[in-house]
Amino acid sequence: MAHKYVYLFKEGNETMRELLGGKGANLAGMVNMGMPVPQGFTVSTEACTRYYDDGKVIAQEILDQIDAALAVTEEINEKKFGDPQNPLLVSVRSGARASMPGMMDTVLNLGLNDEVAAGMIAANPDPAFERFVYDSYRRFIQMFSDVVIGLSKHDFEHVIDKFKEEKGAKQDIDLSADDMKTLTAKFKALYKEQTGEDFPSDPKVQLIEAVKAVFRSWDNPRANVYRRMNEIPYSWGTAVNVQPMVYGNLNNNSGTGVAFTRDPATGKKALFGEYLINAQGEDVVAGVRTPSPIAQLEQDMPEVYAQFVEIANRLENHYKDMQDMEFTIENKKLYMLQTRNGKRTAAAALKIAVALVEEGMIDEDTAVLRVEPQQLDALLHPQFDSKALKAAKPIGSALPASPGAATGRVVFDAADAKAWAANGEKVILVRLETSPDDIEGMEAAQGILTVRGGMTSHAAVVARGMGTCCVSGCGDITMHAAEKYFTLGGKDYKEGDYISLDGSTGKIYGEAIPTVEATISGDFEKFMGWADAKRTLKVRTNADNPRDTIQAVKFGAEGIGLCRTEHMFFEGDRIKSIRKMIIAKDAEARKAALEELLPYQQGDFTAMYEALEGRPMTVRYLDPPLHEFVPTKKNEIEELAGELGVSYEELAAKIESLHESNPMMGHRGCRLAVTFPEIAEMQTTAVINAALAVNAAHPDYNIVPEIMIPLVGEVKELKFVKDIVVKTADALIAASGTDLHYKVGTMIEIPRAAVTADQIATEAEFFSFGTNDLTQMTFGFSRDDAGKFLDAYYEAKIFENDPFARLDQTGVGALVKMAAEKGKATRPDIKLGICGEHGGDPTSVKFCHSIGLDYVSCSPFRVPIARLAAAQAAIAGAK
């Protein structure tokens, strides 16, 4: 029997997401529940992957199955594809198994041609119906030209705008039937002018070309970027849903809308959404017209509203989650076109998860699995300073599409947003309306402001998913994008000017407003309590000062997994002392310089132990190459020579001698302590004295210092430095007359250390995996330079993710797993942790749980993300 690639909606069910995609599976689910769904068919994800495997060709057996499904669809709907007397028109939509709003392509009104349009009008000569037919036809030509052929939709919009100007029409709705017919002819002429061919009139050709276009859209740049951001594998492919058209633009008793069973911005339990009378679906999402709130439908069409409320409640109770629904009303008859678990803000995600537990709909474990760890980021970032906000005057307001506060410089296109952000500038992306092509700019921006669009527009949905502040639909703005300025409140705002957005109120400010740290409580505390009860992996933070330590502890950090001591040397007078140490000609001079550093270093450790209140801290000894501490410009070298009392020539020669061809693999880490043992002596003195002092003041803290020797590749290296540490520490402890336990361990960041971890564990009492360097050395990539060529790797499908952001489990992960197993074999009670940037990446955290690490360590603001990811890993593992 031939492999099945095409499924009628009635043949599927909601469990078939991998095959039918999320949209197809849920359409099948609604059909099985007896809901009013226009019945069509789904071309499976397997057909998409085969399309790519076969060199971007749809196999004949798949074409045959599409024909067969189309015939049954004609029968069910009692209409015929391409028949002028009784035509079946369809929509062709993408539907991956993971929701990717706006990332892939859709074609509506497919099946129209001159004969079908004439036949439809002959059967109903009402001018209003004639207008509807040509409105649908011109939309189809525009969408097909854009999605399938790749022509610029802006060229078609320019034709519309020019034509409306000639006719004195403000909106599309003001154009007559004859106007729409003329516009259709103009669109066909533009198509021929740009392609050299007539617009395709055979509906079967239209259909297959549209299916191919949806398959191709799986590989478009914006979809690839979205997949990387959301960890969606390229291998999944997308399904294609072919569904009979129903018409919201038929007349004033018709309409289309998008609604959520709960507010996606706040989580409030109330129907939330928008609709437009006499419009098609893309009008709502594209934000071309500003829609009415869903509650207005109760006045406009009370029976339809009552039916919709009943269906919405059934769907939420069935899927046990907030639903995002698309619907169309054709002549007062309701049709459901889609349902899916709705995208929501972080605040809404927490509120909904907690509410569904309290309502008895789900259990705590399910609630913990419902919130994306990355979403918590949005709760942890600053809000506007309340005093500054009171003093600021709004220059305008619009819809509060995605909450949060954002201040930045104005930019007008996605490429500029990305470029400015790469240079360290905070930017606000200001657009007439966003499109899926803006995805990278939206990700780079602090906030997004649009002139058009509602709460369910592309900008709003994508910004909420990203946790980015967004204000949409500010119709008071006069936009001059080409000239790079906009006018609002009687003032021009040029590229580079500061503005601020309040995504919670929709207010826009023409100035930079300072922000304050976010506060977390209520649902957050309750939810994170459920998460913490489930996780087995501890979560520490990477912190080098008391301020970050206190912040991390507030966010639930259980200690410090990485204190980078070199970061302490760049402040104030300390840099002068470290530079004296670097230029010293002998051990005595080095020791004298290090004696100057000792009080600073000891004071820092004391303050951090105080802030930790007995929680553990892993202190990494000096790691970077020494050239990082000295200047390179002539005037700076001259100034430093004067400060240090040496000649310019002598200092310049010393700095030149520090130059290395490959400093990241040069004289750094434990190699510094091997060459200059006095560095390890000073740092050990600072750590041990700080611990002794804080333990004396707070006996209940019982501090056990964890001293970490970096960049070890050979056990004898580690032993050499460890011996210095032990000799120094033991003498200090003996002199204090007290009992202090301490541990000496190492960072596994060189592949050789992972391979020989059984030997290294004879000396190391703990391993901390420095996955930034381990990734760098395993791949042979410089992490500072890889960004220059990784985009080419993404495009060529060599990589799907940045290996410095998401742990490469196949290669680097295998080394981590091997080292963990070898270390435990030698020393069963060895403590294992990870302290690279991967410690805050949810996928990497789950991997760390799976191989039995004891803790992950990440930046303070990522601590809650790691806590939740660790809980989800534990729950998933138990299941």
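The values are calculated or read from the model by the stated rules, or taken from the named source; none is laboratory data. Please read all numbers here as calculations on a predicted model, not as lab measurements. Backbone-built Cβ (ideal geometry, glycine too); neighbour counts: all protein chains shown. We work out accessible area using only protein heavy atoms, side chains counted, and drop any ligands, DNA or RNA first. Shrake-Rupley method; radii C 1.70, N 1.55, O 1.52, S 1.80 Å.
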Hits in the stretch 737-758 - residues which are modelled with pLDDT of 95 or more, among the hydroxyl-bearing types (Ser, Thr, Tyr) and open to solvent by 20 Å² or more (accessible area, probe 1.4 Å): 742
When residues of the stretch 714-725 are limited to those that are assigned to a helix (DSSP H, G or I) and open to solvent by 40 Å² or more (accessible area, probe 1.4 Å), the one nearest to residue 765 (Cα to Cα): 719
Wholly within the stretch 485-583, strands (runs of 3 or more DSSP E) carrying at least 3 residues that are of a type outside the set (D, E, K, R) and under 25 Å from the mean Cα position of the chain (by Cα): 498-502, 538-542
Any hit, the stretch 104-123, residues being surrounded by fewer than 19 Cβ atoms within 10 Å (Cβ to Cβ), in a strand (DSSP E or B) and on the phi < 0 side of the Ramachandran plot: no
Of the criteria (1) farther than 23 Å from residue 435 by Cβ; (2) in a helix (DSSP H, G or I); (3) open to solvent by 40 Å² or more (accessible area, probe 1.4 Å); (4) without any contact (Cβ under 8 Å) to a residue 60 or more places away in the chain, which one residue 133 fails: (3)
Test set (1) modelled with pLDDT of 90 or more; (2) open to solvent by 10 Å² or more (accessible area, probe 1.4 Å) - residue 576 fails condition number: (1)
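Residue-wise test of (1) within 30 Å of residue 429 (Cα to Cα); (2) crowded, with 20+ Cβ neighbours inside 10 Å.
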| residue | (1), (2) |
| --- | --- |
| 497 | yes, no |
| 505 | yes, no |
| 514 | yes, no |
| 528 | no, yes |
| 550 | no, no |
| 559 | no, yes |
| 566 | no, no |
| 581 | no, yes |
| 589 | no, no |
Among the residues listed as 247, 226, 191, the single one being part of a loop (DSSP other than H, G, I, E, B), open to solvent by less than 40 Å² (accessible area, probe 1.4 Å) and not charged (D, E, K, R): 247
Residue, farthest from the chain's Cα centre (by Cα), within the stretch 848-874, restricted to residues that are surrounded by fewer than 21 Cβ atoms within 10 Å (Cβ to Cβ) and among the hydrophobic types (A, V, I, L, M, F, W, C): 851
Helices (runs of 4 or more DSSP H) enclosed by the stretch 1-99 - at least 3 residues per element that are of a type in the set (Ser, Thr, Tyr): 45-53
Any hit, the stretch 781-796, residues being assigned to a helix (DSSP H, G or I), surrounded by fewer than 24 Cβ atoms within 10 Å (Cβ to Cβ), touching a residue at least 40 places away in the same chain (Cβ under 8 Å) and among the polar types (S, T, N, Q): no
One residue from 706, 660 being within 39 Å of the chain's Cα centre (by Cα) and in contact (Cβ under 8 Å) with a residue 40 or more places away in the chain: 706
Within the stretch 690-704, tally of residues that are part of a helix (DSSP H, G or I) and out of contact with any Lys or Arg (no Cβ under 9 Å at 6 or more places or on another chain): 10
Residue match in the stretch 403-412 (condition: closer than 30 Å to residue 487 by Cβ, at pLDDT below 90 and not basic (Lys, Arg)): yes
When residues of the stretch 678-713 are limited to those that are open to solvent by 30 Å² or more (accessible area, probe 1.4 Å) and among the charged types (D, E, K, R), the one nearest to residue 772 (Cα to Cα): 681
Residue ID - surrounded by the most Cβ atoms within 10 Å (Cβ to Cβ), chosen from residues in the stretch 313-341 that are over 23 Å from residue 98 (Cβ atoms) and not charged (D, E, K, R): 329
Filter result (at pLDDT below 90, within 20 Å of residue 350 (Cβ to Cβ) and not basic (Lys, Arg)) within the stretch 463-483: 463, 465, 466, 467, 468, 469
